[in-house]
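Rule-based calculations on the coordinates, nothing more; no lab input. Only a predicted model underlies this, so the values are computations on that prediction, with no experimental measurement involved. In this analysis, Cβ positions are derived from the backbone assuming ideal geometry, glycine residues included, and neighbour counts consider all displayed protein chains.
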Amino acid sequence: MITANELKIKGIKAITEEIKKHQQAIIKTDKEEYIVLPRKDYEKAKRLDRLYLEFLEQKAQGKVKKLSADEHIKELMDELQNTSK
């Protein structure tokens, strides 16, 4: 965790060092905490969030099936057999 004072003294170097150690940097001030991520991790988080919201929308529309692993594998195998014909 990086304090506001440490950030003031070290600048971006403090963030870079923290990301190298922990894959993220948490900056703490008296009032707030901020998380800094490498851009690729931020983009991945945004994509996962978007996919989750799409899933919730599909679930609300009744487009999501609940299957056991065995049921899902059987369904996939049936689809593969039907497409190979």
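Overview of results
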{"read-out": "Between segment 61-85 and segment 15-56, the alpha-carbon center distance in angstrom", "value": "35"}
{"read-out": "Amide H contacts under 5 Å for I2, placed H, 5+ residues apart", "value": "I26, I27, K28"}
{"read-out": "Proximal lysine pairs, segment 39-85, alpha carbons under 25 Å, eight or more residues apart or interchain", "value": "10"}
{"read-out": "Cα Rg over Rh - the chain, Kirkwood", "value": "1.31"}
{"read-out": "Spin-label pair K40/Q58, simplified geometry with 7 Å Cα→Cβ offset, distance in nm", "value": "2.6"}
